[in-house]
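Worksheet: one structure, shown below.
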Amino acid sequence: MSQHVSTSRTELAATAFKVSSTKRELVTAVCAFCGYRAPGESLAAQLIAGAFAALDQVPLDVRLYVHDLQDTAERWPALPITLPPTPWQAATLVDGLAALVTVSAAELREAAEGLALTRGDVALAHDKPVLARIWAEDDEPLPEAAALPRDRRAREAALLQLFDHVHPREWTDEQTSAVRKALLVRLAGLGDALLRVSALPPARLDWQDDGEGLTALVPVPGAPQPLEARVAAEALESHPFASWDEPMWGSPETAASPGCWRWTVGWRSAGGAFHSDAGSTEASAAAARFGAEQTLAAYAAQASTVRQRLRQRLLVPRQPGTLSMSDPAVLVLGLRELLEAVCDEYRAETSRPEDGTGWRVVPHQDEDKECSLVTILLDDCSLPHPEPGDPANTADPSDPAFEDFLRSHAVVLTPPARAYLAGLSQAGPGELPLPRRHEAAMRTVLAVGGEAADQLTAETGSLPDHMAWIDLLDVAALGEFLTATEPDQPR
């Protein structure tokens, strides 16, 4: 007998949550995933089940982003302006969800109570300055309400005050729309969770509690350190209006306890420090674990080309002698990029003449995180640099160990760039002014014979008629040259 293979989003989500695909269990699981209490047997539960039934028709090959439905619902009926553009599917699906909440005002209130919508949920859903008409149509204005508050938060607070005094059958169109919009946003947020979980296969990790949160490790072949995921509770900032976290209707005990869980993914340096590469906050520990697990799975699948965003280091360094220019991770550093970084630092330095900054060449980073000129230039070029714990941290740029470090992270220097970095130390030891180090480095570049001029022209652009290469020893003149020229050909 062949085994059933699910093509249903609700079945896939139920499998991921380890519950049956019955409406009640799935609704409860998705609500918990989003940090909300379960609505039980109520109109609210029926609306959620209806939303899931509509989303169950979305083909599995249609991929939406994490908050596509909610972002669209928050601006419905207008489309949000997003990058990348919101998929047409999101707008179509939200139209379908909006049809579900086209019910009477009394049913809207019942559903809002069942979902424990907060006063803030309703206020934020009401984003149009229409309270003037509400006040004008009210035969008995509320006490101290002679003037219309102009501030948006004051308008929203006034709207909530009106709800406290008006029965649903007496709601204005604006009040009804505010509750309907809040319900739509909640359904869309739950729908995002269903689509997210059903689109991605489970990638569960062995989570360990270290006293400060949860940690999981994933070894990667060739990587000196495993990928690491961390999940921890994070303090949730209270809303400026404390009452906005209270249920709009119902007792305070029915409200969900708002949570905030942060997940981070990264790996450790040679010195043992953890460096986060990706992360986000979620409303529940389960959602945070899910986000971390999916990110680790994506990293592991493309481990050979993964770089840390801030440090630009490869997860899997290349072994000596194995790097080739066909390696998809290769980054090439040319002279012009270095010279532009030098000019950026020079401009920053001259704008703060009182600093009297001096620049050393090694070590590249000390225990106090103070960086050398070489490190600053590499960082400006979005490239990795040696750190404490790396053998190359004390290697002069002319030392093969320094270039070996760069090549281990798939960074290749062009000959002029290599000569420039090696020449920075020719000005002498200690901390020296940037113009002196630049002059020494440029002299090293210009001292290379053969086709140096052709190489320079290819990397930096042609010299104007009134300039000679030796003029570029002056960092101020260099800045004028770079501003006025472009490289003759891309690198």
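Could you please state how large a percent of the accessible area of the range 185-330 is carbon and sulfur, counting protein chains only and using a 1.4 Å probe? Whole-percent figure for carbon plus sulfur exposure: 54. Where Lys and Arg each count +1 and Asp and Glu each count -1, what net charge lies around A392 among other residues with Cβ under 13 Å from its Cβ? Result for the neighbourhood of A392: -4. Taking a Cβ cut-off of under 14 Å around F17, the surrounding Lys, Arg, Asp and Glu residues balance to a net charge of +4, with basic ones at +1 and acidic ones at -1.
The values are calculated or read from the model by the stated rules, or taken from the named source; none is laboratory data. Nothing here was measured: the structure is a model prediction, and the numbers come from that model. Neighbour counts are summed over all protein chains in view; Cβ atoms, including those assigned to glycine, are modelled from backbone coordinates with ideal geometry. For accessibility, only protein heavy atoms count, side chains too; no ligands or nucleic acids. Shrake-Rupley method; radii C 1.70, N 1.55, O 1.52, S 1.80 Å.
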